[in-house]
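Quick notes on the structure that follows.
The values are calculated or read from the model by the stated rules, or taken from the named source; none is laboratory data. As the structure is a computational prediction, the values presented were derived from the model and not from experiment. Quick reminder, even Gly has a Cβ in these numbers, built from the backbone with ideal geometry, and neighbours come from all protein chains shown. With ligands, DNA and RNA removed, areas are computed over all heavy atoms of the protein, side chains included. Shrake-Rupley method; radii C 1.70, N 1.55, O 1.52, S 1.80 Å.
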Amino acid sequence: MPPEAHDRSRVEVRRSARRSRTVSAYREGDRTVVLIPARMSHAEEQRWVAQMLEKLAAQESRRVPGDEALMTRARELSAAYLGDRARPSQVRWVTNQNSRWGSCTPSEGTIRLSHRLQGMPEYVLDYVLLHELAHLLVPDHGPAFWALLEAYPRTERARGYLEGVVSAARLPHIPGARHAAPGPAGPGQAASCG
């Protein structure tokens with residue numbers, strides 16, 4: 001979840017006299033707990049909360065769900081946005097789609113997602129899954145198809161993100177620029193800085 005989308009009322013800041021320099025954060029149910037030194041000012045607290053929410057969101061965006069988790073998420077999205085009408089028989093990652101984000105075969109009920117989506121924010125993956133689920137119901141990109149996607153509140157944002165990725169890939173490589181590849185992050189990992 002991007003930090004700007006995370007409800008600040010669900011953030012609990014815990015101050016500790018024993019904590020001298022480090023700040024850490026973790027998810028606890030539907031809220032985020034941020035642990036900070038007791039001596040920090042309110043301004044420092046606000047800055048660290050924002051930084052830790054960003055760090056947790058980055059870790060979470062790098063988690064790669066397996067095929068079974070993709071199927072579960074597809075069912076959840078179908079129930080939430082398509083009246084549970086789209087029922088895929090299979091959802092899986094593939095490595096042979098370099099010009100598409102996803103594809104489906106409506107007659108078989110199969111959905112394939114490009115491995116290039118791995119590590120992108122959850123809302124982007126949800127959008128692509130929902131896009132392919134909608135194709136199980138409407139095979140073309142006509143008005144009926146787009147009407148199905150109107151219910152998903154992050155459609156435009158996800159489309160913009162994907163367009164940005166495509167545009168960035170077309171930019172010339174700048175020698176000496178640092179490009180960090182995201183590493184895997186397991187569930188329940190906490191972020192910390194110090």
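The one condition from (1) in a loop (DSSP other than H, G, I, E, B); (2) surrounded by fewer than 16 Cβ atoms within 10 Å (Cβ to Cβ) that residue 152 does not meet is (2).
Among the residues of the stretch 72-105, how many are part of a loop (DSSP other than H, G, I, E, B), touching a residue at least 60 places away in the same chain (Cβ under 8 Å) and open to solvent by 10 Å² or more (accessible area, probe 1.4 Å)?
Quick first cut of the stretch 72-105, residues part of a loop (DSSP other than H, G, I, E, B) only: 82-89, 95-101.
Adding the requirement that they be touching a residue at least 60 places away in the same chain (Cβ under 8 Å) leaves 82, 101.
Next cut, open to solvent by 10 Å² or more (accessible area, probe 1.4 Å) only: 101.
Residues meeting the conditions: 1.
A single entry from 68, 108, 45 fulfils the requirement of being part of a helix (DSSP H, G or I) and either among the β-branched types (Val, Ile, Thr) or surrounded by fewer than 16 Cβ atoms within 10 Å (Cβ to Cβ) (or both): 68.
Within the stretch 114-130, is even one residue more than 13 Å from the chain's Cα centre (by Cα), at pLDDT below 95 and open to solvent by less than 30 Å² (accessible area, probe 1.4 Å)? Within the stretch 114-130 (the criterion being more than 13 Å from the chain's Cα centre (by Cα), at pLDDT below 95 and open to solvent by less than 30 Å² (accessible area, probe 1.4 Å)), the answer is yes, since at least one residue qualifies.
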